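Following: one structure in structure tokens, then a few remarks.
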Amino acid sequence: MTSPTQAPPPSAAPTPAARAARNAVEWVVIIVAALVVAFVVKTFLIQAFFIPSASMDPELKVGDRVLVNKLSYRLHDVHRGDIVVFDRPACDLSDPSIKDLIKRVVGVGGETVQGKGGSVYVNGTKLDESYLPPNVTTSDFGPVTVPSGSLWVMGDNRGNSKDSRFLCDNGPTYIAEKHVVGRAFVRVWPANAFDVL
């Protein structure tokens, strides 16, 4: 005759020290996971940038913060009118503390860009720059032909912007697409000025 199966004795409740140790381990795992996620997002997906100058005024003011999509140009080409963040060219010696610049794309590789009569022309056609305030004019420059794989960028504040026209002292400055960090797509600060770009 077999003896009835006995239930295992109830396990003892964890001691306060064991509970504290388990909680500490859980918090460490959560914090490490959050840091890893933040690192991946900042490195490969989205990063916040501070606007250091008035070159994009009135669209972006000094002190604004924008989010930049770092994945955007892995999925499609750069488009004219995009606001992009890029590595400050080594030839720009104005302020070495500023590592990244933000401007608007006006011309892409293979296009001829010219400033004439207060307006910008691309391949001989006047560019519709509806993003600029009505009273903004552009100084004469060019014509210049943008090399393949590069961009011609300009600030919206045409009278107060170091951009492809004269970012460096040795003539027109073309921004290599490989130096573009990403596309600014939303202003997140100040909170009352939140806006999609």
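Since every read-out is calculated from the coordinates, none of them should be taken as a lab result. Computed from a predicted structure; not experimentally measured. Cβ atoms come from the backbone with ideal geometry, glycine included; neighbour counts cover every protein chain shown.
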Among S150, G81, V186 - extreme Cα towards positive end, dipole of the range 48-196, charges at beta-carbon:
V186
How large is the helix-only mean residue ellipticity at 222 nm for the chain, computed as the sum of -39500 (n - 2.57) over DSSP H runs with n ≥ 4, divided by its residue count, in deg cm²/dmol to the nearest 500?
-5000 deg cm²/dmol
Quick one: putting +1 on the C-beta of Lys and Arg, -1 on the C-beta of Asp and Glu, what dipole do you get for the chain around its Cα centre, in Debye to the nearest 20?
520
Of K70/K126; K99/K178; K116/K178, those spanning more than 27 Å from alpha-carbon to alpha-carbon:
K70/K126; K116/K178
Cleavage-rule hits, trypsin sites (Lys or Arg not before Pro), the range 42-104, DSSP coil, Cβ neighbours within 10 Å at most 12
K99
Candidates for Rg/Rh (Cα atoms, Kirkwood Rh) are (i) 1.46; (ii) 1.33; (iii) 1.21, and the calculated one carries label (ii)
Taking only Cα atoms and a 10 Å spring cutoff, compute GNM fluctuations for the chain and point out the largest among P134, P58, P147.
P134
Hz values of 3J(HN,Hα) by residue in the range 161-175 - Karplus curve (6.51, -1.76, 1.60), Gly and Pro given as x
9, 7, 9, 4, 5, 7, 5, 10, 6, 9, x, x, 10, 9, 9
What is the calculated FRET efficiency for K116 to A193, with r their C-beta to C-beta distance and R₀ = 35 Å, to the nearest 0.05?
0.55
